[in-house]
Amino acid sequence: MRNLKSYEIRQIWMDFWKAKGHEIIPSAPLVPRNDPTLLWINAGIAPLKKYFDGREIPSNRRLANVQKSLRTNDIENVGKTSRHHTFFEMLGNFSIGDYFRDEALEYGFEILTSSKYFGFDLDKLYFTVYPTDFETVEKWMSLGVPRDHIVNVEGNFWEIGDGPCGPNTEIFFDRGVKYDPNNIGVKLIEEDIENDRYIEFWNIVLSQYNAKAGLKRSQYPELPKKNIDTGMGLERIACILQEVESNYETDLFVPIINEISSITGVNYTGQMGFKVIADHLRSVVFALSDGAMFSNEGRGYVLRRLLRRAIRYGRMLGMKEAFLYKLVNVVIEIMKPFYDYLLEKAEIVIKQIRIEEEKFLVTLESGEKRLLDYIANAESKVVNAKIAFLLYDTFGFPIELTNEVASEQGFNVDEAGFEELLKNQKQTARNARTNDQSMNTQNESMMNFKEKSVFVGYEEIITISKVVGLFKDGTMVTNANGIVIAVFDKTGFYAESGGQTGDIGLLTKNNMNYAVTNTIKLPNGQHGLVVDVKDDELVIDEIVSLAVDEDFRHDVEKNHSATHLLNEALRQIVGPHIVQQGSQVYNYGLRFDFNNFEPLTNEQIIAIEDLVNEVISRAIPVNISQMPIDEAKSLGVQALFGEKYGDIVRVVNMDFSKELCGGTHVKNTSDIEKFAIISIETKGSGIYRIEAATGSHILPELETSLENNLERIYNIGQEAKTNNIELDKISFNQTEAIESYQMVINRRNEVEVVREQFKQLEKTLTRKLREMNQVDINDFLLLVNNINGKNVLLTRVEMNLNAGKDLVDRLSDSLDESIVFIAIVNEDKLIFICKNKIKGLKAGQLVKLAANITLGNGGGRDDFAQAGGKDITKLDEAFVAVRKAIEEAI
């Protein structure tokens, strides 16, 4: 066995698979791109799902990588065991319908045992298999693995809902009886007993079946294209090859731990706190560098919890002030040889961590005050489990500190109850993750379709083309009517990809026109036209005329080019830390998602818009060329971090902006005519979304936006009058606003004035209403129930509607992963209000359920809804039904 540094292990891995014909692909960023099913990239396969389920066929069916991953399902084990982590690197090799079991196991055996590579002693290796996977047993034995080193394990089957699945074989390294004082031996593997003797470091998944709901595993059909997916933990194999006690003694962690010791003045002797801090800091540094942000929801909340957990363990080591930000450069120094982009992110990462640390130190003080307030009014000398869990889960106050403060006041804490609530929360989180990597079912017809089809749409949008492929209801046919997907030997129609919508237009045959309503990309890259030929019929080899809708295409091009300009303007006005998190380009406008640690100010929004318009007015030629990717990088061309690009790339150069892009664009920036930001909103987790428009679509989009704001301002005025509230600090003249709007193109800032007036009016009204109807929420927080780890509050109140809405907002703001459902009862009136922050629940459905039971009606969005009831005598029945619906959903 060779003693190797972590960077050597990575290099050997990549060199080996490259020699076996694999393409080495870059690590995807931890923040998933265009995959709403995942909070984080949590395995090597996660960014490759489109290949495994057949949506897309890679240019090389053999792939290998070193993939950054982040998981928090076993967070409580981090630091307790020698090998659990939140951030880790997964070495992977993949076969997409190419080689299968025989070659995969031969390759695996070679890289493990050959002295050229890792050089393991075969006697130290153990292999687990699925009990009925006799082929894998035979193959390992044919390679020289002793039968008593092959262990049957029932859990060796990889399956995540419908779609590709199959048995897997795992490889363990035996560290000897030193780590097995009772000499239990291989039973530790057989019975899945936590131990430090047998270290599982590689998993090879043989994806050969198509899982289908309702079928037993033995009934699953074979996949049309079998796949191989493997994952080897870098930290674990480094621990083995470097012959150290745990992953934390490898070269990936030792420099961080040494620096923690230096800062705290505490010698490291294996304390859990050092390990937790080192692990969590790596997660936070990489996540922030990959575009995540601290927040109170989603992935931002995960980051916040990780950082706060690290701070808590820092307190145990005597740190009472911010210190984690001082460790960032140590993490970067270790990882920069392979992840050099960390260097350019260092400054902003350090800033964000320091701000977050300092905020949490204040939060700790606030949590202590809340606890002392509870103790001062408590009727017994026990801090109940719900309060302890509320402080922990909602306010980030550690249970250890709750114990400490309670003890100082002569109180005990119901720790058993707290642990039960924590256990329920973890189980709920695990249940919620069962399908977080689910795939689509492979479409065999489309995957096997390999007829050549050439896209000529950069130069031609009208073609005479031959039908080379037809699909009806997902099945390949030779002729079909109605709505079909048709593929042609050549086409000018752009297929939806890279955020750009697919082209529309006309298909003409026999002097009859038929609408092409979309263009999609098939697994092997062909452009498929979705066309409705009604009662007519398309036939293979038939010659037709195809014409892209020129106006539609040109409008899309304006918005796509504007998206590039917007991306660069954001980086220049807001900061270079801005990373595109997704975009969609349509004919009527564009949507652009980006990360930032705070909302944009009105001044920034106007400055971004002005800068884009200024670039448009320069009339810069848009030059599009192809070149080697290294040459493009040397020109400073922007690329979507983590995206896979070929050796030759297409560069869209507008001078102001240079990006890699396969979409269609204007010839000159002046073709865009004009650019306007219509709206900006938060999508949570530090992600913001800009909606914008160009050219002739600006006026209709702005008109809708402005009219909505004017209506809201009017409603605010009416509400203020009803409550006898003066809003005299803000002047507003609706006539002037409307007149300003008529000159919107030349006086764009006037629209911003109207928007700002709305915001200020709303803030003023909300503040004054709160002053009039302020309700102490602490009493309501005591009513929170924990259902499967989620905060659920159902109660009735007697107050006016505005006070009720304010109460719901404040309660929801104070409770993470929560649903707040209140019934406002005033004389014979009954109103239900619900605010929801739990995935899988729908506020609109819950208020409608309650309203129907009380003989009323209503509904709303998934996150917020309001409805009215009539029969107050049925209120209890409504609450029972709502609670039951919540329990069943979570």
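Run the quick spin-label model on E542 and N778: label points 7 Å from Cα toward the beta carbon, then report their separation in nm to one decimal.
7.6 nm
Order the peptides 82-94, 211-223 from the highest to the lowest mean number of other Cβ atoms within 10 Å of their residues.
Per-residue mean Cβ counts within 10 Å order the peptides as 82-94, 211-223.
Taking the Cα centre of each part, how many Å lie between the stretch 15-84 and the stretch 534-601?
27 Å
Indicate, rounded to the nearest 5 percent, the antiparallel portion of the DSSP beta bridges found entirely in the stretch 813-871.
Of the beta bridges lying entirely in the stretch 813-871, close to 100 percent run antiparallel.
I need the shape label for the stretch 113-171. Rule: rounded when a/c is under 1.5, else prolate if a/b > b/c, else oblate, with a, b, c from the alpha carbon gyration tensor.
prolate
Fully extended, how many nm does the chain gain between L699 and D251 (0.36 nm per residue separation, minus their Cα-Cα distance)?
Here the segment from L699 to D251 would lengthen by 155.4 nm.
Tell me, what HN-Hα J-couplings in whole Hz come from the Karplus equation 6.51 cos²θ - 1.76 cosθ + 1.60 at θ = phi - 60° for each residue of the stretch 809-819, using x for Gly and Pro?
So the Karplus estimates, Gly and Pro as x, are 4, 5, 5, 5, 4, 8, 10, 7, 6, 9, 9 Hz.
Let a ≥ b ≥ c be the square roots of the eigenvalues of the Cα gyration tensor of the chain; is it rounded (a/c under 1.5), or, if not, prolate (a/b larger than b/c) or oblate? Walk me through the intermediate numbers first.
Values: a/c = 1.56, a/b = 1.04, b/c = 1.50.
It is oblate, given that a/c is not under 1.5 and a/b is not larger than b/c.
Residues in the stretch 842-871, backbone N under 14 Å from the label point at E798 (7 Å along the Cα-to-beta-carbon vector): list them, ranges by number please.
none
Show that you can apply the helix-only estimate: for the chain, add -39,500 (n - 2.57) for every DSSP H stretch of four or more residues, divide by all residues, and state [θ] at 222 nm to the nearest 500.
Value at 222 nm, helices only: -12000 deg cm²/dmol.
Could you work out the relative contact order of the chain? I mean the mean sequence separation of Cα pairs under 8 Å and 6+ apart, divided by the number of residues, in percent.
With pairs under 8 Å counted, the relative contact order is 8 percent.
Rounded to the nearest 0.05, what FRET efficiency do Y514 and K20 give with R0 = 51 Å and r taken as the Cβ-Cβ distance? Could you check?
Here the calculated transfer efficiency is 0.60.
State the Cα centre-to-centre distance between the stretch 237-251 and the stretch 443-521 in whole Å.
What the calculation gives is 54 Å, centre to centre.
Roughly how many nanometres apart are two label points built 7 Å out from the Cα toward the Cβ at D121 and A213?
5.2 nm
Which of the pairs K829/K874; K386/K423; K386/K848; K116/K336; K790/K884 have their Cα atoms more than 18 Å apart in this structure?
Those over the limit are K386/K848; K116/K336.
Modelled label-to-label distance, D532 and D813, 7 Å Cα→beta-carbon offset: nm?
4.8 nm
Given axes a ≥ b ≥ c from the Cα gyration tensor, I'd like to know whether the stretch 449-605 is rounded (a/c under 1.5), prolate (a/b larger than b/c) or oblate.
prolate
If you look at just the Cα atoms of the stretch 72-220, how large are its Rg and its Dmax in Å?
16.3, 48
Express in nm, to one decimal, how much length is gained between N668 and L372 on full extension, taking 0.36 nm for each residue of separation and deducting their alpha carbon distance.
Gain on extension, N668 to L372, equals 100.0 nm.
Rounded to whole Hz and in sequence order, give me ³J(HN,Hα) for the stretch 491-496 from the Karplus expression 6.51 cos²θ - 1.76 cosθ + 1.60, θ = phi - 60°, writing x for Gly and Pro.
7, x, 7, 7, 8, 3
Could you calculate the FRET efficiency of N384 with E154 from 1/(1 + (r/R0)^6), where r is the beta carbon distance between them and R0 is 35 Å, rounded to 0.05? Kindly include the intermediate steps, with their values, before the conclusion.
Details: r = 41 Å, r/R0 = 1.17.
After rounding to 0.05, the efficiency reads 0.30.
Each value in this text was obtained by applying a stated rule to the coordinates, not by laboratory testing. Not measured: the values here are computed from a predicted model. Cβ coordinates were reconstructed from backbone atoms using ideal geometry, including for glycine residues, and neighbour counts include every protein chain displayed.
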